[in-house]
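Participant: Submitted below is the structure of interest, expressed as structure tokens.
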Amino acid sequence: MAAPLLELRELAKSFGGARALRGVDFDLHAGEVHALLGENGAGKSTLIKIVTGAHHPDRGTIRIAGETVVHLTPATAHALGIACIYQQPALFPDLTVTENIALRLDSDPPVRRINWKARRERARGLLARIGADISPEAEVRALSMPEQQLVEIACALGAGARIVIMDEPTASLTQKEQELLFAVVRELRASGVGVIYISHRLEEIFALADRVTVLRDGESVGTNAVSEIDEAALIRMMVGREMTQIYPPGEASPGDLVLALRNLGCAASGVHGVTLDVRAGEVFGLAGLVGAGRTELARILFGLTPADCGEILLNGRPVAPRSPLDAVALGIAYVPEDRRRHGVVLELPIAHNMTMAIHRQVFRGAWLRFGAERLLALEFIRDLAVKCPGPEAPGSSLSGGNQQKVSLARWLATKPRFLILDEPTQGVDVGAKSEIHKIIRRLAKEGLAVLLISSDLPEVLGMSDRIGIMRGGTLTVVLPGNADAHAVMSAALGQKP
Amino acid sequence: MLLLYVLVAEWLFFYWAGTTTNRRGVVVGFGTLDRQFDILRHSCEIGLLALALTPIILTAGIDLSVGSLLGLCAILFGKFWHDGGLSIPVAIALTLGCGALAGGLNAVLITALRLPPLIVTLGTFSLFRGLAEAITRGAITYTDFPASFLFLGQERWLGLPTQAWLFAGVAAAVWVLVHRMTFGRGFRAIGFSPEGARYAGLPVARRLALVYVLAGVISAMAAIIYTARLGQAKADAGTGYELFAITAVVLGGTSIFGGAGSVHGTLLGVAAIAVLRNGLACMPAVMRMNSAEEMAGLLTGALLLVALTASVLPQILSHYRSRPHPA
């Protein structure tokens, strides 16, 4: 048998303290579709970025067609015939298909007459090879998402790609568009191209792939031929991890109903028909894959993208937050996912950040009271054990976990009735993570209703009194807090348990 | 802090180089009290505009229309008084109202339509000046204001030029707004991170509207004292002042990217520019060449670039020092 097109051995990569890949083996043969499967954060993106030359591995070897490649850069990856088709095509919307393809493939000297006719013919030829009915003259802006993906694939073919990586290519496609794309993938396979196919949709993997590799926590759990494995086994491989952390025990008796959503939706953010109840003293976990609509739901509740149908009942009273300002006044607090952009103003002191949502309460008549602010900040710093030089230190001087605590303090200071936490421990070290878990549990015990959005499966399982699973913009299932990982992952993937 | 030293050095230099004794043995030039008061009078108008711009630049915005609005408000004031037959206080009140309206136009375009402040105020920069010229058809100059009004711009009150008191009052008010009230917190948060401010539940649109409306009112005040100082209202009043005002704000340490800065810094920046411009006009060498304006422009520009370079130099140097050698 010939050497594989791509061979990765013992690949490892860390970002700061976080180990994204811990010695992964992977290989891809010519004329094969090899699916890559794993939870959010399992290391798929890192692996792809190493293969495309965007990241350099800490250790491990990369062999392409039997040749060891020492220093892979985006340019050498391109030259070696590696192409990546992303979920969101990266084309220039104001240029035509011909121009976009030429930009990728040509490196003409700056001053030369351009042979437009040849460029058009080449574009037409490449598009014909993958059976795409797209005019080379069309502006990319006017093309649909799948058509743009086809243009990307045409670019890849034109560059002589032998290895094509597809990162969740069907995430925004309709059934019919998917079939068109599948036909193109099969076409590629037949012509001897190796395809790495990343998808969360198991049925696609069974329909399309020859082999499947499951990644978990930066390690390869196993590679199997698709014909020799079933869906249940794949899900087991994805979640089968022992609980390494001890989670604080839950509160047994939730109190009054705090938040009730009735058929809530917002067309602009793709959320529809969400119905759920959260009680005082309860941690309601919200699980699902990236793009399932969890953050979008939080943004509706916080007034960032107001709902356009359904009802929000807060303590039994219908409310309609139209802006974060409204939401704060109603007692809804949101600790956002992206703390560096939304959670903390990094340049401002910790104290300023902590009082930012309670100007009216602390600073009556809009007059700053530095003493009161300092006391309040010191109290939160002590209470949440924020490691910092003092309340005057800027947010940027803190570690991720401590920034998250500052963001949390800002919202606890508003004395909310309902607290939304969006990925509260993402990118946070283990120590701070368990501290944040204890804080969440304590807040629930004090009677707060908490909506915990998390892609960290053990965290959702360990922290939640009940677990809702979102998929495709709506809440599909609500499971009890003692549900197992398999059930949650099955539901998130849209499989019958 | 650096700017304070520059200002002192500047002042001492001109005291030494710009003060002379004339044939009759009288001290003339920079070192006289009259000249110092003149500097104060001249800096009030640009100073007011710089005060108006400080909160705006803190929010990472910009207002290029303040100089044109000064011209428009001067004309409106003249028209209200001369053609409308209104009393001076009523005309002033109306003019301030018009300033607020003009600032409101900027505010609506920037907050409701989310257009970039640079483009919006570039538009109103032309619009306001054009309106002023249309009203006067480029020919009318309003003069013959009563002495009681000219007192505001040409006389002294409690020992200082009258308009200096107004300037001090506005400076104190803006300082309190920015440094002692929650509004200032909002401006900074918006300047550093508009999205972060929104996620914190701050009223971003209201805060932005406030700074632009306030700039309109303060520009109208500048128009009143400008008219009172010269005793006439013309459509070209305050041409180019917006650039001096922006220079003063940036020289005073306010970041053009928003967030960082202070009102006292702006005051120092205004003083540095005013002393430079007036001091040059007192230097015999400059007077002989009749080139005070050119020299002032050149040195103001140089001062700004040097100050900006000095403010970023430490970071750049440390960056180079800490950068590892390429493999």
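Participant: Here are some conditions: (1) within 14 Å of chain A (Cβ to nearest Cβ); (2) out of contact with any Phe, Trp or Tyr (no Cβ under 9 Å at 6 or more places or on another chain); (3) β-branched (Val, Ile, Thr). B:THR182 meets all but one. Which one does it not meet?
Facilitator: Failed condition: (2).
Participant: Mind checking which helices (runs of 4 or more DSSP H) fall wholly inside segment B:1-84 and carry at least 2 residues that are among the β-branched types (Val, Ile, Thr) and in contact with a Cys (Cβ under 6 Å, 6 or more places away or on another chain)? It would help to see each step written out before you state the result.
Facilitator: Values: elements: B:2-17, B:33-58, B:66-82.
Output list is empty.
Participant: Inspect segment B:261-279 for any residue being within 14 Å of another protein chain (Cβ to nearest Cβ) and either touching a helix residue (DSSP H, G or I) at 6+ places or on another chain (Cβ under 7 Å) or at pLDDT 95 or above (or both) and give the result as yes or no.
Facilitator: Yes.
Participant: Can you name the residue in segment B:193-204 that is surrounded by fewer than 22 Cβ atoms within 10 Å (Cβ to Cβ) and at the interface with chain A (Cβ under 7 Å from one of its Cβ atoms) and is also farthest from A:SER323 (Cα to Cα) among such residues?
Facilitator: The selected residue is B:GLU195.
Participant: Checking B:LEU304 against (1) in a helix (DSSP H, G or I); (2) surrounded by fewer than 16 Cβ atoms within 10 Å (Cβ to Cβ): exactly one of these is not met. Which one?
Facilitator: The single condition B:LEU304 does not satisfy is (2).
Participant: So, one more: Farther than 20 Å from B:ILE190 by Cβ, touching a residue at least 60 places away in the same chain (Cβ under 8 Å), in contact with a strand residue (DSSP E or B) (Cβ under 6 Å, 6 or more places away or on another chain) and surrounded by 14 or more Cβ atoms within 10 Å (Cβ to Cβ): is that true of B:GLY47 in this structure?
Facilitator: Working: farther than 20 Å from B:ILE190 by Cβ: yes; touching a residue at least 60 places away in the same chain (Cβ under 8 Å): yes; in contact with a strand residue (DSSP E or B) (Cβ under 6 Å, 6 or more places away or on another chain): no; surrounded by 14 or more Cβ atoms within 10 Å (Cβ to Cβ): yes.
Answer is no for this residue.
Participant: Quick check on segment A:329-338: of everything there that is more than 8 Å from chain B (Cβ to nearest Cβ) and either under 19 Å from A:ILE439 (Cβ atoms) or of a type in the set (Phe, Trp, Tyr) (or both), which residue is surrounded by the most Cβ atoms within 10 Å (Cβ to Cβ)? Steps first, please.
Facilitator: Quick first cut of segment A:329-338, residues more than 8 Å from chain B (Cβ to nearest Cβ) only: A:329-333, A:335, A:337-338.
Still in the running and either under 19 Å from A:ILE439 (Cβ atoms) or of a type in the set (Phe, Trp, Tyr) (or both): A:331-333, A:335, A:337.
On the way: A:GLY331: 18, A:ILE332: 29, A:ALA333: 26, A:VAL335: 25, A:GLU337: 19.
In this case the residue turns out to be A:ILE332.
Participant: Let me ask you something else. Taking segment A:345-358, which residues are facing chain B (nearest Cβ under 7 Å) and within 26 Å of the chain's Cα centre (by Cα)? It would help to see each step written out before you state the result.
Facilitator: Of segment A:345-358, the ones facing chain B (nearest Cβ under 7 Å) are A:345, A:347-348, A:352, A:356-357.
Within segment A:345-358, A:VAL345 is the sole residue that qualifies.
Participant: Need the failing condition index for B:VAL170 against (1) aliphatic (A, V, I, L, M); (2) more than 19 Å from B:ARG114 (Cα to Cα); (3) within 14 Å of chain A (Cβ to nearest Cβ), just the number.
Facilitator: Unmet for B:VAL170, out of (1) aliphatic (A, V, I, L, M); (2) more than 19 Å from B:ARG114 (Cα to Cα); (3) within 14 Å of chain A (Cβ to nearest Cβ): (3).
Participant: Grab the helices (runs of 4 or more DSSP H) fully contained in segment A:174-244, keeping just those with 3 or more residues being within 24 Å of A:GLU459 (Cα to Cα). Walk me through it before giving the result.
Facilitator: Values: elements: A:175-190, A:202-208, A:231-239.
Because the criterion is at least 3 residues that are within 24 Å of A:GLU459 (Cα to Cα), the helices (runs of 4 or more DSSP H) in segment A:174-244 that meet it are A:231-239.
Participant: While we're here: If we keep just the residues of segment B:197-252 that are part of a helix (DSSP H, G or I) and of a type in the set (S, T, N, Q), which is modelled with the lowest pLDDT?
Facilitator: Let us first name the residues in segment B:197-252 that are part of a helix (DSSP H, G or I), namely B:197-199, B:204-230, B:241-251.
Still in the list and also of a type in the set (S, T, N, Q): B:219, B:227, B:247.
Details: B:SER219: 97, B:THR227: 95, B:THR247: 92.
Here the answer is B:THR247.
Participant: Under 6 Å by Cβ, and 6 or more places apart or on different chains, what pairs join a residue from segment A:430-444 that is more than 14 Å from A:ASN402 (Cβ to Cβ) with one that is charged (D, E, K, R) and not in a helix (DSSP H, G or I)?
Facilitator: A:ALA444/A:GLU251
Participant: Can I ask one more? Among the listed residues A:ARG322, A:ARG382, A:ARG341, A:ARG317, identify the single one that is free of Cβ contacts under 8 Å to residues at least 40 places away in the same chain, farther than 22 Å from B:VAL178 by Cβ, basic (Lys, Arg) and facing chain B (nearest Cβ under 10 Å). Don't jump to the end; show me each part of the working.
Facilitator: Values: A:ARG322 fails: facing chain B (nearest Cβ under 10 Å); A:ARG382 fails: facing chain B (nearest Cβ under 10 Å); A:ARG317 fails: facing chain B (nearest Cβ under 10 Å).
Only one candidate qualifies: A:ARG341.
Participant: Given the criterion more than 11 Å from chain A (Cβ to nearest Cβ), in contact (Cβ under 8 Å) with a residue 60 or more places away in the chain, surrounded by 21 or more Cβ atoms within 10 Å (Cβ to Cβ) and of a type in the set (S, T, N, Q), identify the matching residue among B:GLN154, B:GLN163. Before you say what the answer is, go through the steps one by one.
Facilitator: On the way: B:GLN154 fails: surrounded by 21 or more Cβ atoms within 10 Å (Cβ to Cβ).
Result of the check over B:GLN154, B:GLN163: B:GLN163.
Participant: Can you tell me how many residues in segment B:237-260 are surrounded by fewer than 17 Cβ atoms within 10 Å (Cβ to Cβ) and away from every other protein chain (no Cβ under 14 Å)?
Facilitator: Of the residues in segment B:237-260, 4 are surrounded by fewer than 17 Cβ atoms within 10 Å (Cβ to Cβ) and away from every other protein chain (no Cβ under 14 Å).
Participant: Only one of A:LEU188, A:LEU234 is assigned by TED's automatic domain parsing to the domain that holds A:LEU28 and more than 23 Å from the chain's Cα centre (by Cα). Can you tell me which? Steps first, answer last, please.
Facilitator: Numbers: A:LEU234 fails: more than 23 Å from the chain's Cα centre (by Cα).
Checking each option against the conditions leaves just A:LEU188.
Participant: Run down A:ALA42, A:ALA30 and say which single residue is buried (at least 18 other Cβ atoms within 10 Å of the Cβ), in contact (Cβ under 8 Å) with a residue 60 or more places away in the chain and assigned to a loop (DSSP other than H, G, I, E, B). Show your work before the answer.
Facilitator: Details: A:ALA30 fails: buried (at least 18 other Cβ atoms within 10 Å of the Cβ).
Step by step, each of A:ALA42, A:ALA30 is checked, and only A:ALA42 is buried (at least 18 other Cβ atoms within 10 Å of the Cβ), in contact (Cβ under 8 Å) with a residue 60 or more places away in the chain and assigned to a loop (DSSP other than H, G, I, E, B).
Participant: Further, regarding this structure: A:GLN361 versus (1) within 10 Å of chain B (Cβ to nearest Cβ); (2) modelled with pLDDT under 90: which is the lone unmet condition?
Facilitator: (1)
Participant: I'd like to check something: does segment A:125-148 contain any residue that is in contact with a Cys (Cβ under 9 Å, 6 or more places away or on another chain), assigned by TED's automatic domain parsing to the domain that holds A:THR52, touching a residue at least 40 places away in the same chain (Cβ under 8 Å) and crowded, with 20+ Cβ neighbours inside 10 Å? If you could, list the steps in order and put the result at the bottom.
Facilitator: We begin by selecting, within segment A:125-148, every residue in contact with a Cys (Cβ under 9 Å, 6 or more places away or on another chain); these are A:126.
The next check asks that each one be assigned by TED's automatic domain parsing to the domain that holds A:THR52; those that pass are A:126.
Then drop every residue that is not touching a residue at least 40 places away in the same chain (Cβ under 8 Å), which leaves none.
Within segment A:125-148, not a single residue is in contact with a Cys (Cβ under 9 Å, 6 or more places away or on another chain), assigned by TED's automatic domain parsing to the domain that holds A:THR52, touching a residue at least 40 places away in the same chain (Cβ under 8 Å) and crowded, with 20+ Cβ neighbours inside 10 Å.
Participant: For segment A:110-124, does any single residue satisfy the condition of being at pLDDT below 90, surrounded by 14 or more Cβ atoms within 10 Å (Cβ to Cβ) and in a loop (DSSP other than H, G, I, E, B)?
Facilitator: Taking every residue of segment A:110-124 in turn, none turns out to be at pLDDT below 90, surrounded by 14 or more Cβ atoms within 10 Å (Cβ to Cβ) and in a loop (DSSP other than H, G, I, E, B).
The values are calculated or read from the model by the stated rules, or taken from the named source; none is laboratory data. A quick note: this is a predicted structure, and the numbers were derived from the prediction, not measured. So basically every Cβ, Gly included, is an ideal-geometry build from the backbone, and we count neighbours across all protein chains shown.
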